[in-house]
1. Give the residue, chosen from Ala339, Ala392, that is modelled with pLDDT of 85 or more and either more than 24 Å from the chain's Cα centre (by Cα) or part of a loop (DSSP other than H, G, I, E, B) (or both).
2. For the structure I just gave you, tell me whether Asn233 is touching a Gly at 6+ places or on another chain (Cβ under 9 Å), open to solvent by 40 Å² or more (accessible area, probe 1.4 Å) and at pLDDT 80 or above.
3. Taking Arg185 and the conditions (1) in contact with a Ser or Thr (Cβ under 6 Å, 6 or more places away or on another chain); (2) at pLDDT below 85; (3) over 15 Å from Thr216 (Cβ atoms), which numbered condition does it fall short on, given that it satisfies the others?
4. Taking the residues in region 347-382 that are exposed (fewer than 14 other Cβ atoms within 10 Å of the Cβ) and at pLDDT 85 or above as candidates, determine which candidate is nearest to Gly135 (Cα to Cα).
5. Which one is modelled with the lowest pLDDT, of the residues in region 200-230 that are of a type in the set (A, V, I, L, M, F, W, C) and open to solvent by 30 Å² or more (accessible area, probe 1.4 Å)?
6. If you take the residues in region 188-199 that are at pLDDT 90 or above and open to solvent by 20 Å² or more (accessible area, probe 1.4 Å), which one is nearest to the chain's Cα centre (by Cα)?
7. Is it fair to say Ala41 is open to solvent by less than 10 Å² (accessible area, probe 1.4 Å), over 23 Å from Glu269 (Cβ atoms) and part of a helix (DSSP H, G or I)?
8. Could you please find all residues in region 274-301 being small (Gly, Ala, Ser) and crowded, with 20+ Cβ neighbours inside 10 Å?
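The values are calculated or read from the model by the stated rules, or taken from the named source; none is laboratory data. Please read these numbers as outputs of a predicted model, since none were measured by experiment. Don't worry about glycine lacking a Cβ; one is built from the backbone with ideal geometry, like all the others, and counts go over all protein chains shown. Surface accessibility is based on the protein's heavy atoms, side chains included, excluding ligands, DNA and RNA. Shrake-Rupley method; radii C 1.70, N 1.55, O 1.52, S 1.80 Å.
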Amino acid sequence: MPFFSRFEWMLALRYLRARRQEGFISVIAVFSFLGIMLGVATLIIVMSVMNGFRAELLGRILGLNGHLTIQLESRNSLPDYEFVADAVGKMPGVVLANPMIEGQVMATANNAAAGVMVRGVRQADLMREGAIAKGLREGSLRDFEGDDAVAIGHRLARKLGLRLGDQITLVSPQNNTTPFGSVPRLVRYRVAAIFDVGMFEYDSAFVYVPFEAAQTYFRLPNAASAVEVRLENPDQARQVARQIMQRLGPQYRIYDWQQANAHFVSALEVERNVMFLILTLIIVVAAFNIISSMIMLVKDKGRDIAILRTMGTSRASIMRVFVIAGASIGVLGTTSGFALGLAFSLNIEHIRQFLQSLTGWQLFPAEIYFLSQLPSKVDSTEVVYVVAMGLALSLLATLYPSWRAARLDPVEALRYE
């Protein structure tokens, strides 16, 4: 025998189809349905976008930066970079260990200027830089060699009015001393490649220079600023860092990507948790709407309940009728919210493009959000959790009104009717 009988289903669905004089109860039920649907859908969409932001931003940050950075404890340069890169590169779990030189300078061209980060890397290492190699717009990394070649981001090229083969001037904070006093160091370079990694910060402010040219420019002969290390598993950065320290000695300091971006990672996690809690309140409010609509329905159907009880219907059966009526609203709302949220999350970039073309407004400026596209990553575990929470809250919301209906005294109900 099924837990819910055919009679209970028929009666519950009939109660949901309110007559004209019960229209207010029907309106509350509709708003309860819409509240749960929008709550579940919004929670799935927002969590998917938050997951997409985290995955995209961390992926691109780690795509352009090493998982570990090795420097000397006592100075800003690393003279024995070849020894460090060779020793660390042979360790298990390490994919690549490459020396680099990094510094902030001013870039000028066509009467425009911008502050940029110059990074000196070897040609072979830049070719293995997945984000740069895949995001190359113009030119070739094979031309990234010599003393005058640079690779720049496409937003920086647009800002300075540069094209492939044009000249860009880098102004160093390290001045040249002349008989007439200190003058800024100006060096001209040729734009050999233009890249687009899809992250505003890097596309607008990074300039890559061949390693030997960077040594000359920053006056670091036979030295590097640091050695970057890339790992097979970025989550094991701290364990590998301890192993490297044991091999190299205490005169080196090592930063992992979590330390370098600690404020950024923690801010994303806090924002994600807070958004989840806030949006969960939408589902909770909708569940309270189910409680209020069911209580009003029980109050309105008091005479019907009394007649059913006198005809021999059990209290458990009455309770199940109202559980079905209330849970149906929650189940339909949760299912509709799941479908709506999933469809929106999987097509959110197309929806954004459509709304932008319709309104003419820029809904996702890269200058603010650091990404060129609105990311979305659906986590199946989170979706299951949200759907389960919606169903559980909907079911719990029906228990008290259903219990009230089952406890109704038929004699008292008929007397007052």
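1. Answer to the selection: Ala392.
2. Considered against the rule, which asks whether it is touching a Gly at 6+ places or on another chain (Cβ under 9 Å), open to solvent by 40 Å² or more (accessible area, probe 1.4 Å) and at pLDDT 80 or above, Asn233 comes out as yes.
3. (3)
4. Looking at residues that are exposed (fewer than 14 other Cβ atoms within 10 Å of the Cβ) and at pLDDT 85 or above, I get Asn347.
5. This residue is Phe200.
6. The residue in question is Arg190.
7. yes
8. Hits for region 274-301 are Ala286, Ala287, Ser293.
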